[in-house]
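Read through the structure below, which is laid out as structure tokens, and then see the notes.
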Amino acid sequence: DQQVKQNSPSLSVQEGRISILNCDYTNSMFDYFLWYKKYPAEGPTFLISISSIKDKNEDGRFTVFLNKSAKHLSLHIVPSQPGDSAVYFCAAKKGDYKLSFGAGTTVTVRA
Amino acid sequence: KAGVTQTPRYLIKTRGQQVTLSCSPISGHRSVSWYQQTPGQGLQFLFEYFSETQRNKGNFPGRFSGRQFSNSRSEMNVSTLELGDSALYLCASSLGPQGAGEQYFGPGTRLTVT
């Protein structure tokens, strides 16, 4: 049962524009959410996270928004750069229980 | 500090065979988690080992097993391989139990079953 869903398998965006990646979850008990970035032939690396007590967290060009009532979070990348081309995974957890990951969204930044 | 290493990086096996994958965590990390990545399914959690004990297990058949040694290195075994087992197998290590801190992933082992 997929508790974390990324319904857009791919996203293409022009360099300099905003990339918006979406993630939905079904388990209302999740209290911590993370985004990971993965390049080909490498393992995922942690990008940014947000606790359920917040609705926004910002780190440089990356901002994560959390809408608990809609069980939805999004990652905004502004401005998008060619090096941002990668697969992005959304993940969620409850307490110190295991992480549940989404299927990933492949982002392609066009020059 | 060296990162998470996985061996081998690539593997080709035939149906019915068995395979063992290895993961060496970051020095000092006591938790190792294993994931299977396939297109469209994302990262599916296999199991987590913490201090040589299986702490959590995902929804995979008993053909998938693992263990952790006293030096925190972990191995994953898949017996009676099926075509559907072709995937990228990732391991991740963390200082404490998974979920209590950040996980660091290895580059993965690409398994192809023919």
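Could you list, in sequence order, the residues of the range B:24-44 that are surrounded by fewer than 22 Cβ atoms within 10 Å (Cβ to Cβ) and free of Cβ contacts under 8 Å to residues at least 24 places away in the same chain? Once the filter is applied, which keeps residues that are surrounded by fewer than 22 Cβ atoms within 10 Å (Cβ to Cβ) and free of Cβ contacts under 8 Å to residues at least 24 places away in the same chain, the range B:24-44 yields B:Pro39, B:Gly40, B:Gln41, B:Gln44. When every residue of the range A:76-84 is checked against the conditions, none turns out to be within 14 Å of chain B (Cβ to nearest Cβ) and either among the polar types (S, T, N, Q) or exposed (fewer than 13 other Cβ atoms within 10 Å of the Cβ) (or both). Here B:Arg15 clears all of (1) open to solvent by 70 Å² or more (accessible area, probe 1.4 Å); (2) within 22 Å of A:Ala103 (Cβ to Cβ); (3) not β-branched (Val, Ile, Thr) except the condition numbered (2). When you look at B:Ser33, is it under 16 Å from B:Arg67 (Cβ atoms), within 10 Å of the chain's Cα centre (by Cα) and of a type in the set (Gly, Ala, Ser), yes or no? Here the answer is yes, as B:Ser33 does meet what is asked. Residues of the range A:1-57 that are open to solvent by 70 Å² or more (accessible area, probe 1.4 Å), in a loop (DSSP other than H, G, I, E, B) and in contact (Cβ under 8 Å) with a residue 40 or more places away in the chain: A:Pro9, A:Glu15, A:Arg17, A:Ile18, A:Thr26, A:Ser28, A:Met29, A:Tyr39. Within the range B:2-23, residues that are over 14 Å from B:Tyr89 (Cβ atoms) have Cβ atoms under 7 Å from residues that are of a type in the set (D, E, K, R) in these pairs: B:Arg15/B:Glu82, counting only partners at least 6 apart in sequence or on another chain. Entry remark, the range A:85-97: residues being surrounded by fewer than 23 Cβ atoms within 10 Å (Cβ to Cβ) and either at pLDDT 95 or above or within 22 Å of A:Glu42 (Cβ to Cβ) (or both) number 3 in total. Among the residues of the range B:4-46, those that are within 14 Å of chain A (Cβ to nearest Cβ) and of a type in the set (Lys, Arg) comprise B:Arg9, B:Arg30. Of the listed requirements (1) on the phi > 0 side of the Ramachandran plot; (2) at pLDDT below 95, B:Arg30 misses just one: (1).
The values are calculated or read from the model by the stated rules, or taken from the named source; none is laboratory data. What you see is a predicted model, and the numbers here were worked out from it, not measured in a lab. Heads up, the Cβs are rebuilt from the backbone with ideal geometry, glycines too, and the neighbour counts pull from every protein chain shown. Areas reflect the complete protein model, heavy atoms only, side chains present, ligands, DNA and RNA absent. Shrake-Rupley method; radii C 1.70, N 1.55, O 1.52, S 1.80 Å.
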